[in-house]
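First the structure, in the form of structure tokens, and then the observations on it.
Quick note: the coordinates plus some simple rules give every number you see, no bench work behind them. Here the structure is a predicted model, which is why all the values come from computation and not from measurement.
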Amino acid sequence: MSECLRSTAKRVLAWKIRLHRVELKMLAAEVAKLQNEAECYRLAKQIYEEILKLDELLEAKEKELNNG
């Protein structure tokens, strides 16, 4: 293989590696986004459950006030 072809092949390979690195970084960002969405969902569910507990407590206190 001539030196010119070898040099060109090395540059093409280097660009392919760079492209794959960029693709992997983009994929990693998407995975992180999905993990953040899952974390947001978990927190939203936890907040909703706490609201339900507060509603039950409020209802119990209202009954207590109405009976007392």
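Miscellaneous remarks
- Angle between the chain longest axis and helix 3-67 axis [Cα atoms, degrees, rounded to 10]: 0 degrees
- A full extension of the chain between Tyr41 and Glu56 corresponds to an added length of 3.1 nm, given 0.36 nm per residue minus the alpha carbon distance.
- Anchor Lys53: aspartates and glutamates whose Cα lies under 19 Å away (excluding residues fewer than 8 positions away in-chain): Glu62, Glu64
- Computed over the chain, the range of Cα coordinates on each principal axis works out to 98, 9, 5 Å, biggest value leading.
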